[in-house]
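Q: Handing you this structure, nothing more for now.
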Amino acid sequence: MRSFGYAEAENAQGLAAALGKGYRIKAGGIDLLDMMKERIDKSERIVSITGMTELRGIKERDGGVAIGALTTLNEIARDETLRKAFPALPDTVCNAATPQVREVATIAGNILQRPRCWFFRQAEYNCLRKSGQACYAVAGDNTYHSIYPMGACHITHPSNIAPALVAVGAQIIASDGKNPKSYDIRDFFLTPEQDLKRENKLPQNEFITEIFLPKMPEKSAYVEVKEKQSFDWPLAACVATYADKKWSIILAHVAPVPLRATLAENVVGEKADIDENLALQAAEAAVKTAQPMAYNGFRVHLAKAVVRRALLKACGKDFHA
Amino acid sequence: MSETTAPKNIMQPKEPRPDVRQKVTGTARYTADQYPAKVLYARSVRFPFGKGSIVNADVEKARAIPGVVLVDVKKGKSVNYAGGIVGRIVAESKDALEDAMEALNATYEVEQSRTNPSKLYEGVPEADAQANAELKGLFDGGLKVVEATYTTQVQTHSCLEPHGSVVDVRQDGVEAWVSTQAVMALEDAVSNTTDFPASKVVVHSEFVGGGFGSKFSLGAEGTMACRVSKERARPVRAILNRSEEHCDGGNRPGSIQYMKIAVKDSGEIAGGRVHVVSTVDADGGGGGIRNPNYYKFGNVVRTEGDLALNGGKPQAFRAPGFPQGSFALESMMDELAAAVKMDPVAFRKLNETSRRRIEQFDRGAELIGWKDRKADGGTPGRIKIGYGCAAGSWGNGKGKCSSDCEIHRSGEVEVRVGIQDIGTGASTVVTDTAAWHLGLPRTMVTGKVGNSDYPPGPGSGGSVTTRMTVPAVRDSAEKALGELKKELASVWKTEPDKISYGEGVFVNPTNNQNVAWKDACAMMSGASVVGHGRFNDEYWGEGGSDTVQFVKVEVDSETGVVKVKKVVAIQACGQVCNRLTAENQVCGGIIQGISFALFEQRMLDPMTGGQLNADFINYKVAGPVDVPEIVAVLDVRDTDTGARSIGEPSTIPTAGAIANAVANALGVRVRHLPITPQRVLEAMLEQKGAIA
Ligand SMILES: Cc1cc2nc3c(=O)[nH]c(=O)nc-3n(C[C@H](O)[C@H](O)[C@H](O)COP(=O)(O)OP(=O)(O)OC[C@H]3O[C@@H](n4cnc5c(N)ncnc54)[C@H](O)[C@@H]3O)c2cc1C
């Protein structure tokens, strides 16, 4: 590993000061340290925020739920309130990664983790996202890449939890040390078309303090398909939620951002109870705009399957029948 | 869960390995844990793509980094696989070494690689005229004929502890730690490489984190460690990182296996055509797919060949050539059974070559619940249940081994054998064999392995370690006991062979009094007595390594996800030295077989030839949730009086049994490993025209 400067922030002011000096935040460190060891991330100064205990925990507030930025994936997986009110949310993380990773990885770190593209993650491939000239996925092996074209780079967004947050229109509360900022998660993530080098709008001098879920959905479900059941990222996943006579259908791991399946949402409309037939139609609609690459056509079928299943599961139905 | 059919010939029924505490608390020191004072770090510079050379590298910048001792890059040297060596860096610390690697900022010339076997495959060659005439008779004779091509992927060894050596060449000799499966052979290799006589070389490998066939030689890293240590008069560490391990740490070659087999209506296999190709590295060699096997296949015309890829060199890998061959031939067995409308178990029993396995098939069928097996694709709904089975075995030749058994005055027994414990429990076998032979509690015995100064034992390949070690350890224990009796005889003024001994008690023939082991040992004239043992036919006994496995799977026919729910293994291995380690070998073989069947595959980029998954995230190895209930039945009979192989046979049948279970579940056969969701969906589209 390269040597790097290290500091520990005790409070927002200290953290803001560090960020001002170009420090990079380390929360659980799962993704950041991996990136540094692979010499993809060349940060020279790291500030740990794990001591800022005020950023940790799940609280009910203003009719919604606030999840502190440092709350770990397992704290979310085990939370009774969320389990009852919004089961899809703990479901997105209760089987993600490994038990050890889940004890350390934080919600903010999870939504900000960098893409898993195997060209991006290897220093030898100087790809577009690393300021290079080409996306190697175009002519190379793109089994795990995007099936929805959104620009010249073909990453998928790696976060399990982000689609659940997008589904309920969560707000990302950030700070620059002086003023709180709020981002609507529905336009927080950036497609390669919008920005080739960044996956979200958070500027370097700000940090996330909490994720606020304004309202719990009436129904929700999460469904994923993985090649292997122990520590593997999904090939496709879907979160479906129902609130105020509206469905949110969000696809994950198939596009550069958590993908709102608007066409599918239009198919189901206001209907609270969805039957097999309607679920299937919605699933078909969800993949209408998919354009797989040479190696990943099978994942279009999987995207369809997870949409169908998530809708039925949210309605309490057996999708295996 | 586990079960033993006959506990009689089991030396140690339940105790865990004596070194279990060291292993789970991390105090067991492996090669990768050795950091002698003033150690230097060495690593090869490697070409990251399939074929080409380094055009430019900033060697000066790398050399200028503080702590960097040596940078050596061969620009223009052509390389034909990702991971091929083009230079080396030596530094005072791992960080300085990696800084230097980065500073090279190499640019490459990349040529088109050969990465895709199915595109390069040239098909089945014409057989010669006579063979053709015979085949024509078979295929045109009104028999049922099944023709299919099966493929398997390249699997890397993925040892948890990477390959590596830590070598300290001093003025008076060499001390080396090597992660190896052959500690004696490594002494020879280190001696040759450093130019020191073997008497001045000691190699340690007390703990080894897996080898699976890939750790028999010193390797480029060990050679580098020896040379640099000699040049610099400092200890040198050269341990591969995970990416190097995947690219250049050995692999199980892939295969393309064509089979066209004729079967009589009676179920008897008449014979046919088999052509097997293994995917090897650009230099060729190292293939060797074992197909057909186990069953009476009649008159088979067989050809074989190699297909060169721009990938790392294959190495022997746990039952080399067998899991690939077994997958294809066991798949074919089920396809043939279907062609003559027979039950797969009945069909196998009819064509079996081993009486033991015929019995094992009955036992396994009962334990898996074979009677619940439905017609192919017969489960209602989207989640399909399937059952499959397959067979395996292993050849058990005699060999060489020697052992020293030292009985101390305190009564404590120490047994030293120049073998190595690559994770299998070899040191446990030494301890338990000596304790059992001497009739002592195992707490009084310490088995020691992994040191080249011990009496020479075999390298751990071909599942020989236990079967060669046990007769030598028993011989040494018997001889040490003889030495002890001589001591007692001189005290008691009698003849040694008049002294009887059993279960920790000697009988003094002069007064017929019992003397306990410890009291007897206290009478010896010196500090200890030693028995030098060799592989002794007297302790070879009877036994074999036949096995069958049964598998139950659950397949999601909408997503193609396969989950193995249960595996039953009926495994013969002769006499059992320690039941837990023996069952552990069976479970390990099965888990590695599941991983081979469903997950693992080296992925070479078609554009660059680089390995895209040279890590443990995209190179997918079965994890805890992927491991099913395993019922490991040690099939031990009264006649099983000698220790036999277990490590390799236990991994042979798994993939074939899984493939058959998947075909039974879906009514669609996946003929290509690994059976990923993608492959299942593709097979359904191809064979049924639709998914689910
Ligand atoms: C084997 C394995 C399997 C995995 N499988 C999955 C999976 O299936 N699904 C999944 O979603 N993830 C998976 N992960 C990824 C893992 O969940 C993420 O790496 C982890 O959640 C990152 O959280 P962290 O707290 O460790 O973040 P860090 O590594 O500390 O930080 C990640 C990024 O977020 C920034 N950051 C962190 N906190 C803040 C903050 N409060 N404000 C501003 N910036 C911040 C950091 O600067 C950094 O850029 C897996 C990881 C491993 C190792």
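Q: Return the inverse of the average 1/r over all pairs of distinct C-alpha atoms in region B:603-692, which is the Kirkwood hydrodynamic radius, in Å to one decimal. Let's see the in-between values first.
A: Numbers: mean 1/r = 0.0594 Å⁻¹.
For region B:603-692, inverting the mean 1/r across all distinct Cα pairs yields 16.8 Å.
Q: What percent does the relative contact order of region B:20-139 come to when contacts are Cα pairs within less than 8 Å and at least six residues apart? Could you put the intermediate results ahead of the total?
A: Values: 185 pairs, mean separation 34.3, N = 120.
Result for region B:20-139 is 29 percent.
Q: Can you list which of the GluC sites (Glu not before Pro) found in region A:1-72 are DSSP loop residues with at most 13 other C-beta atoms within 10 Å?
A: Details: sites: A:Glu8, A:Glu10, A:Glu38, A:Glu44, A:Glu54, A:Glu60; in loops: A:Glu10, A:Glu38, A:Glu44.
In loop regions of region A:1-72 (DSSP not H, G, I, E or B), the sparsely surrounded GluC sites (Glu not before Pro) are A:Glu10, A:Glu44.
Q: GluC sites (Glu not before Pro) within region B:91-169: which are DSSP loop residues with at most 11 other Cβ atoms inside 10 Å? Working shown, then result.
A: Numbers: sites: B:Glu92, B:Glu98, B:Glu102, B:Glu109, B:Glu111, B:Glu122, B:Glu126, B:Glu134, B:Glu147; in loops: B:Glu92, B:Glu111, B:Glu122, B:Glu126.
Taking region B:91-169 and a limit of 11 other Cβ atoms within 10 Å, the loop GluC sites (Glu not before Pro) found are B:Glu122, B:Glu126.
Q: Quote the relative contact order of chain B in percent (integer), defining contacts as alpha-carbon pairs under 8 Å separated by 6+ residues. It would help to have the intermediate numbers written out before the result.
A: Working: 1816 pairs, mean separation 120.1, N = 692.
Rounded, it is 17 percent for chain B.
Q: Magnitude of the Cβ-charge dipole of the protein assembly as shown, K/R +1 and D/E -1, about the Cα centre, nearest 20 debye?
A: On the way: 120 positive and 120 negative charges, 173 e Å.
Computed about the Cα centre, the dipole is about 840 debye.
Q: Per DSSP H run of at least 4 residues, take -39500 (n - 2.57); add these up for chain A, divide by its residues and hand me the 222 nm value, nearest 500 deg cm²/dmol.
A: Details: 11 runs with 89 residues, N = 321.
About -7500 deg cm²/dmol.
Q: Rounded if a/c is under 1.5, else prolate if a/b beats b/c, else oblate: with a ≥ b ≥ c from the C-alpha gyration tensor eigenvalues square-rooted, which is region A:221-314?
A: Details: a/c = 1.94, a/b = 1.52, b/c = 1.28.
Judged from the Cα gyration tensor, region A:221-314 comes out prolate (a/c at least 1.5, a/b above b/c).
Q: Output the residues of region B:366-382 meeting this criterion: accessible area (heavy atoms, 1.4 Å probe) in the chain alone minus accessible area with all protein chains in place is 50 Å² or greater.
A: Residues shielded by partner chains are B:Arg382.
Q: Among B:288-300, A:94-106, how do they line up from the highest to the lowest mean number of other beta-carbon atoms within 10 Å? It would help to have the intermediate numbers written out before the result.
A: On the way: B:288-300: 20.2, A:94-106: 18.3.
Ranking the peptides B:288-300, A:94-106 by packing returns B:288-300, A:94-106.
Q: Summarise the partner chain shielding of B:610-619 as one whole number: the mean count of Cβ atoms from other chains within 10 Å of each residue's Cβ. Can you show the working numbers first?
A: Details: counts 8, 2, 11, 4, 2, 5, 1, 7, 7, 0.
Mean inter-chain Cβ contacts per residue within 10 Å come to 5.
Q: In percent, what relative contact order does region B:277-408 have, based on Cα pairs under 8 Å that are 6 or more apart in sequence?
A: Details: 115 pairs, mean separation 30.7, N = 132.
RCO, region B:277-408: 23 percent.
Q: Could you give the radius of gyration (one decimal) and Dmax (whole number) of the Cα atoms in the protein assembly as shown, in Å?
A: 31.3, 103
Q: Another question about this same structure. With +1 on the Cβ of every Lys and Arg and -1 on the Cβ of every Asp and Glu, and nothing else charged, how large is the dipole of chain A about its Cα centre, in debye rounded to the nearest 20?
A: Working: 41 positive and 37 negative charges, 96 e Å.
Dipole magnitude for chain A comes out near 460 debye.
Q: Enumerate the whole-percent occupancy of each 10 Å bin, from 0 to the last occupied one, for all C-alpha pair distances of region B:398-539.
A: All Cα pairs, binned at 10 Å, distribute as 13, 44, 29, 12, 2, 0 percent.
Q: Averaged over A:123-134, how many beta carbons belonging to a partner chain fall within 10 Å of each residue's beta carbon? Show your work: numbers first, answer last.
A: Values: counts 4, 8, 7, 0, 0, 0, 0, 0, 0, 0, 0, 1.
Neighbouring Cβ atoms belonging to other protein chains average 2 per residue here.
Q: Okay, moving on. So for region A:1-123: antiparallel DSSP bridges make up what percent, rounded to the nearest 5? Show your work: numbers first, answer last.
A: On the way: 5 of 12 bridges.
Bridges in region A:1-123 that DSSP calls antiparallel: roughly 40 percent.
Q: If you take the square roots of the eigenvalues of the alpha-carbon gyration tensor of chain B and sort them as a ≥ b ≥ c, do you get rounded (a/c under 1.5), prolate (a/b over b/c) or oblate?
A: On the way: a/c = 2.19, a/b = 1.16, b/c = 1.89.
Oblate is the answer for chain B, as a/c is 1.5 or above yet b/c matches or exceeds a/b.
Q: Ignoring ligands, DNA and RNA and using a 1.4 Å probe, state the total buried accessible area between B and A in Å², rounded to the nearest 100.
A: Working: alone 27360 and 14360 Å², together 38370 Å².
Separately minus together, B and A give about 3300 Å² buried.
Q: Sorted by packing (mean other beta-carbon atoms within 10 Å per residue), highest first, where do B:187-196, B:27-36 land?
A: Working: B:187-196: 19.5, B:27-36: 16.2.
So the peptides B:187-196, B:27-36, ranked by packing, come out B:187-196, B:27-36.
Q: Turning to a different aspect of this structure: With every protein chain kept in place and ligands, DNA and RNA left out, what is the accessible area per residue of chain A? Probe 1.4 Å, answer in Å². Write down the numbers at each step before the final one.
A: Values: 12720 Å² over 321 residues.
In whole numbers, chain A has 40 Å² accessible per residue.
Q: Mind checking which helices in chain B clear 24 Å along their axis (Cα) and have mean Kyte-Doolittle hydropathy of 0.0 or more, DSSP H runs only?
A: Sorted by number, the helices that extend far enough and score high enough are B:322-339, B:579-598.
Q: Could you work out what % of the accessible surface of the protein assembly as shown is carbon and sulfur, using a 1.4 angstrom probe and leaving DNA, RNA and ligands out of the count? Intermediate values should be presented prior to the final figure.
A: Details: 18890 of 38370 Å².
Exposed carbon and sulfur together represent 49 percent of the surface.
Q: What is the sum of charges around B:Asp248, taking Lys and Arg as +1, Asp and Glu as -1, for the other residues whose C-beta is under 11 Å from the C-beta of B:Asp248?
A: On the way: positive: B:Arg46, B:Lys313; negative: B:Glu221, B:Glu244, B:Glu245, B:Asp281.
Net charge in that neighbourhood comes out at -2.
Q: Which order do the peptides B:228-237, B:410-419 take when ranked by the mean count of other beta-carbon atoms within 10 Å per residue, highest first? Provide the component values of the computation, followed by the final result.
A: On the way: B:228-237: 20.6, B:410-419: 23.6.
Top to bottom by mean Cβ count within 10 Å: B:410-419, B:228-237.
Q: Name the residue from B:Leu488, B:Tyr121, B:His437 whose Cα lies farthest towards the positive end of the charge dipole of the protein assembly as shown, charges +1 on Cβ of Lys and Arg and -1 on Cβ of Asp and Glu.
A: Toward the positive end, the furthest listed residue is B:Tyr121.
Q: Keeping all protein chains in place, calculate the accessible area per residue for chain B (probe 1.4 angstrom), answer in Å².
A: Details: 25650 Å² over 692 residues.
Solvent-accessible surface per residue comes out at 37 Å².
Q: What average number of partner chain Cβ atoms lie no more than 10 Å from the Cβ of the residues making up A:220-231? Mind dumping the intermediate values first?
A: Numbers: counts 0, 0, 0, 1, 1, 6, 6, 11, 13, 8, 9, 8.
Neighbouring Cβ atoms belonging to other protein chains average 5 per residue here.
Q: Also: Per-residue accessible area for B:Leu143 at 1.4 Å probe radius, Å² rounded to 10?
A: That residue has around 50 Å² of solvent-accessible surface.
Q: Do any residues of region A:295-321 lose at least 10 Å² of accessible area when the full set of protein chains is present rather than just their chain alone, and if so which, with a 1.4 Å probe?
A: A:Tyr295, A:Phe298, A:His301, A:Leu302, A:Ala305, A:Arg308, A:Arg309, A:His320, A:Ala321
Q: Per 0.36 nm of contour for each residue apart, how much would the distance between A:Asp187 and A:Thr81 grow if the chain were fully extended, relative to their Cα-Cα spacing?
A: Values: separation 106, 0.36 × 106 = 38.16 nm, distance 2.68 nm.
My answer for the length gained is 35.5 nm.
The values are calculated or read from the model by the stated rules, or taken from the named source; none is laboratory data. Just so it is clear, the structure is predicted and the values come from calculations on it, not from any experiment. Neighbour counts run over all protein chains shown; Cβ positions are idealised from the backbone, glycine included. SASA here: full protein model, heavy atoms, side chains in, ligands and nucleic acids out. Shrake-Rupley method; radii C 1.70, N 1.55, O 1.52, S 1.80 Å.
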